[in-house]
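No value in this document is a laboratory result; all are computed from the given coordinates. The structure displayed is predicted, hence computed values, not measured ones. Please note: Cβ atoms are built from the backbone with ideal geometry, for glycine as well, and neighbour counts cover all protein chains shown.
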Ligand code: FDA
């Protein structure tokens, strides 16, 4: 049976980072993955340009049942450390917005960096490797695979989440965690478009393709200022993906359509200064036409000249603009989700090394752990940071 110091299951972002780090320390390292090619999510991420980190990757941008858990790894291997690594390889990249760093040309360039690191470090990669069984020996682990049995001292689970099964996502990591006595928080799709009840789908059908810069406030999370996109299936766009991490079934989401304006004050001022102008004309100046047409169809008072609108109706219109509400009926699920919320309970793994507190030599890194970042490069940064942390000790 082949013996390795370290076996990493999963040749994704976290697994590749961890494997190279461990091999640089002189450990013999094998990465196994059931896919044909490594890093498939990296290749399709960020529209093919991979938003590989965020300069503001602070703990507050992560959802985790223990919000302190991410602090150590993010501090020890930060966004700036990852930037330094890619700069050493001469990657061309740019900041799109809000600290989000993207490859200038292609996500392939980033994956090539990780694969070069893997090669320089001496770690080996074995693709199309199906894991049939994992058992603990003392010390270490034995993996039964379609390519024979493998033995290791340290086993790193880097199998990612459940999103995008087409790209090879499986529940193996959660199953292994449970097999070894770990608690796993229930999983659900995150960074995912929200779907609508039939009546709302019909109501917004004519708006498909319309994008509106808004602020969305969900009951349990922070407010996000980005674009909302109407689609034939429901609501999407960055602001909705962000809010989806915090949204629970049955809840409404509140949308501030003009978040840079106190609409009460604004409409009052318009009533004085532009009394003869119809409300809808004022709205056309601020919001996409098709969206205003919907508001006017549902609130005929908006056709009235602002100066003639009774103050109660003007306040109602202002309230609608700053507090527009919609009640989704679900999410598009793992098929289109970028991430998976929930996962391996962080109370049972070390925040410094990612080692299991139940089974010595077992590690969990990346998305399989109950850590989910906002949209904008935060999830890859978690993969790099947690992979790096484990790579120093396995
Ligand atoms: P990852 O999913 O990368 O890797 C897991 C690996 O394990 C895969 O190679 C898989 O084949 C393997 N595996 C799974 N089950 C196995 C089994 N049973 N046997 C063997 N191998 C198995 N994040 C971000 O920060 N910026 C962005 O731009 C994007 N964009 C984006 C777009 C899309 C469409 C998606 C789906 C996701 C993103 N993300 C993102 C999220 C990001 O891709 C994700 O958080 C990281 O890839 C997680 O890294 P991991 O290494 O944990 O898992």
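Data overview
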{"read-out": "Full-stretch length increase - residue 65, residue 146 - with 0.36 nm per residue and alpha-carbon distance subtracted", "value": "25.6 nm"}
{"read-out": "Cβ-derived FRET efficiency at R0 41 Å, residue 252 paired with residue 130, nearest 0.05", "value": "0.40"}
{"read-out": "Nearest-ten-degree value, helix 79-88 long axis tilted from longest Cα axis of the chain", "value": "60"}
{"read-out": "Helix axis angle, 13-24 relative to the chain longest principal axis, alpha carbon, degrees", "value": "30"}
{"read-out": "Inter-probe distance in nm under a simple model that places probes 7 Å from Cα toward Cβ, at residue 178 and residue 289", "value": "5.4"}
{"read-out": "Burial ranking of peptide ranges 125-133, 252-260, 153-161 (average Cβ count within 10 Å, highest at the top)", "value": "153-161, 252-260, 125-133"}
{"read-out": "Stretch gain in nm, segment residue 138-residue 233, where the contour uses 0.36 nm per residue and the Cα spacing is subtracted", "value": "29.0 nm"}
{"read-out": "Theoretical FRET efficiency, 1/(1+(r/R0)^6), r = Cβ-Cβ of residue 24 and residue 274, R0 51 Å, to 0.05", "value": "0.15"}
{"read-out": "Distance from the stretch 290-353 to the stretch 1-26 (C-alpha centre basis), Å", "value": "44"}
{"read-out": "Relative contact order (%) - criterion: Cα under 8 Å, at least six apart; region: the stretch 185-308", "value": "24"}
{"read-out": "Pair residue 303, residue 223: separation of 7 Å Cα→Cβ label points (nm)", "value": "3.3"}
{"read-out": "Förster-model FRET efficiency, 35 Å R0, residue 316 and residue 200, C-beta, rounded to 0.05", "value": "0.95"}
{"read-out": "On Cα atoms only, tilt of 289-298 relative to the major axis of the chain in degrees", "value": "60"}
{"read-out": "Convex hull per residue volume in Å³, alpha carbons only, for the stretch 177-217", "value": "145"}
{"read-out": "Descending Cα extents along the principal axes, the stretch 193-332, whole Å", "value": "45, 29, 22"}
{"read-out": "Debye intensity ratio I(q)/I(0), log10, the chain, q values 0.06, 0.14 Å⁻¹ (C-alpha model)", "value": "-0.29, -1.11"}
{"read-out": "Distance from the stretch 69-90 to the stretch 170-192 (C-alpha centre basis), Å", "value": "26"}
{"read-out": "Fluctuation leader among 72, 135, 45 - the chain, Gaussian network, Cα springs under 10 angstrom", "value": "135"}
{"read-out": "Per-residue [θ]222 nm for the chain (sum of -39500 (n - 2.57) over DSSP H runs n ≥ 4, rounded to 500)", "value": "-9000 deg cm²/dmol"}
{"read-out": "Selected from 142, 216, 344 as most flexible by GNM, with the chain as the system and alpha-carbon contacts under 10 Å", "value": "142"}
